[in-house]
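Colleague: The structure under discussion is supplied below as structure tokens; questions concerning it will follow.
The values are calculated or read from the model by the stated rules, or taken from the named source; none is laboratory data. As the structure is a prediction and not an experimental result, all values here were calculated from the model. Positions of Cβ are generated from backbone atoms using ideal geometry, with glycine treated the same way; all protein chains shown enter the neighbour counts.
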Amino acid sequence: MKRLVSIFISLLIVTTAMWGQGSNGRSKFATDMYQAKHEMIIEELGLTPSQQKQFMPLYEQMEREVYQANRNARALASEVEKKKNPSDRDYEVAASALSNVRMQEGNIEAKYFEKFSKILTKKQLFQLKVAERKFTQQMLSKKRRK
């Protein structure tokens, strides 16, 4: 179950990070997800206008970095899948990238946690993780109902 949630979070991050990349239906969905997630975070944390102004750009930057890490790993995997006869080295590099992406996500989050701690209270830092998990659970619940 944790792996499923982790995969869904990664997909959610990827989707939300793509919010501005075009005008098709997928971008509309991504924009809606992006806005809903950020509205939920603002509400759940009770951010003041001053905190919103400082925090949200940093949060969006963190999401873009996580998205890029996932995108790079998926690109390597995609290249291997497209090759007619991938070498063992090709498989090794792609598998390593896919395995290490969660560690990269953790490092990115740790870097931003430090920045967030200068804007948010200790309680809000905690509530951020709760709100992210709550949002993911709501999205999974909606997905199951469909």
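Colleague: Take the residues in the range 72-110 that are surrounded by 14 or more Cβ atoms within 10 Å (Cβ to Cβ) and charged (D, E, K, R), then tell me which one is modelled with the lowest pLDDT.
Modeller: 90
Colleague: Related question: If you go through the range 135-142 one residue at a time, do you hit one that is of a type in the set (Val, Ile, Thr), at pLDDT below 95 and surrounded by 12 or more Cβ atoms within 10 Å (Cβ to Cβ)?
Modeller: Yes, the conditions are met somewhere in the range 135-142.
Colleague: Within the range 36-45, identify whether any single residue is touching a Lys or Arg at 6+ places or on another chain (Cβ under 8 Å), among the acidic types (Asp, Glu) and at pLDDT 80 or above, and answer yes or no.
Modeller: Taking the range 36-45 and keeping what is touching a Lys or Arg at 6+ places or on another chain (Cβ under 8 Å), we get 40, 44.
Still in the running and among the acidic types (Asp, Glu): 44.
Filter once more, so that each one left must be at pLDDT 80 or above: 44.
Yes, because at least one residue in the range 36-45 is touching a Lys or Arg at 6+ places or on another chain (Cβ under 8 Å), among the acidic types (Asp, Glu) and at pLDDT 80 or above.
Colleague: Any residue in the range 113-126 that's at pLDDT 95 or above: show its pairings with residues that are hydroxyl-bearing (Ser, Thr, Tyr) and part of a loop (DSSP other than H, G, I, E, B) at Cβ separation under 8 Å, as long as the two are six or more apart or on different chains.
Modeller: What qualifies is 125/117.
Colleague: Suppose we keep only residues that are modelled with pLDDT of 75 or more and polar (S, T, N, Q) within the range 19-35. Which one would you say is nearest to residue 129 (Cα to Cα)?
Modeller: 35
Colleague: Looking at the structure I just gave you, is residue 56 modelled with pLDDT under 90, among the aliphatic types (A, V, I, L, M) and in contact with a helix residue (DSSP H, G or I) (Cβ under 8 Å, 6 or more places away or on another chain)?
Modeller: no
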